[in-house]
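Here is the structure we will look at.
Read-outs: derived from the displayed coordinates by stated rules, not from any lab. Keep in mind it's a predicted model, so treat the numbers as computed, not measured. Virtual Cβ from ideal backbone geometry, glycine too; neighbours counted across all protein chains shown.
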Amino acid sequence: MTQSPNPISLFHDWMAEAEKKEINDPNAMSLATATKEGVPSVRMVLLKGADERGFVFYTNLGSRKAGELMENPHVSLCLHWKSLRKQVRVEGVIERVSDEEADAYFQSRARVSRIGAWASRQSQEMEGRWELEKRVAEYTAKFGIGEIPRPDFWGGFRVKPSVIEFWADQNFRLHDRIVYKWSGENWETTRLFP
Ligand SMILES: Cc1cc2nc3c(=O)[nH]c(=O)nc-3n(C[C@H](O)[C@H](O)[C@H](O)COP(=O)(O)O)c2cc1C
């Protein structure tokens with residue numbers, strides 16, 4: 001693996017490769033959160049932006065993950081591309097994406113997905129699928145052909161990275177691992193045994 005001075009540009013190179021090779025969702029990543037007592041939970045989310053400021057995903061602010069993020073801002077991300085045999089791990093703390101940025105992303109989504117965001121009370125119990133379908137029908141009727149604003153219970157989080165690790169498969173499990181740690185001023189690089 002060639003050692004780039006900047007992990008974000010290396011990440012973009014790997015993501016561009018994954019976009020060409022993965023059969024679907026090259027931007028899928030696991031997001032680990034924890035309660036304030038440190039009890040972990042993990043699930044997949046879609047990466048919707050990555051730059052020097054961090055890694056962005058969107059979700060329902062009433063969900064379990066959002067509840068954990070409010071009480072504990074420390075998270076970990078993991079992307080694994082089977083077709084590339086590569087993995088990226090990120091550790092950091094979250095901050096909320098601005099309303100303007102969340103609005104712009106929300107409006108870029110398909111109309112039905114926007115209605116779905118209104119209809120889903122994510123991570124809350126429902127009696128049956130009919131309950132979701134009923135809510136979708138209600139919001140479809142409510143919005144008609146008009147604008148669909150972003151619900152105030154739906155938004156984005158940005159993971160501000162302190163550690164980013166790149167892992168690339170090598171023969172005989174003698175893999176390459178490069179870790180970037182943010183010193184407060186620049187990225188410091190080290191290599192780890194596989
Ligand atoms: C490939 C994939 C991508 C997903 N992307 C998102 C996403 O971007 N945002 C989201 O809220 N849930 C996403 N989900 C659903 C979550 O994994 C999870 O079921 C949901 O967010 C509820 O999690 P929680 O109860 O821990 O809050 C995705 C699931 C999969 C399998």
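A few comments on the model shown:
- Residues of the stretch 41-95 classified as closer than 20 Å to Arg121 by Cα and of a type in the set (Lys, Arg), total: 3
- Some residue of the stretch 60-72 being of a type outside the set (S, T, N, Q), in contact with a Leu (Cβ under 9 Å, 6 or more places away or on another chain) and part of a strand (DSSP E or B): no
- Failed item in (1) over 29 Å from Trp14 (Cβ atoms); (2) in contact with a helix residue (DSSP H, G or I) (Cβ under 9 Å, 6 or more places away or on another chain), with Ile145 passing the rest: (2)
- Thr59 being within 12 Å of the ligand (Cβ to nearest atom), touching a strand residue (DSSP E or B) at 6+ places or on another chain (Cβ under 9 Å) and over 19 Å from Ile164 (Cβ atoms): yes
- Here the stretch 70-117 is the region considered, the condition is being among the aliphatic types (A, V, I, L, M) and over 13 Å from the mean Cα position of the chain (by Cα), and the residue that is nearest to Glu138 (Cα to Cα) is Ile115.
- Selected residue (only one of Glu133, Glu138 is loosely packed, with under 15 Cβ neighbours inside 10 Å and free of Cβ contacts under 8 Å to residues at least 12 places away in the same chain): Glu133
- Residue count for the stretch 16-42, restricted to those that are exposed (fewer than 14 other Cβ atoms within 10 Å of the Cβ), assigned to a strand (DSSP E or B) and within 7 Å of the ligand (Cβ to nearest atom): 1
- Of the residues making up the stretch 173-194, those that are aromatic (Phe, Trp, Tyr) and out of contact with any Pro (no Cβ under 9 Å at 6 or more places or on another chain) number 1.
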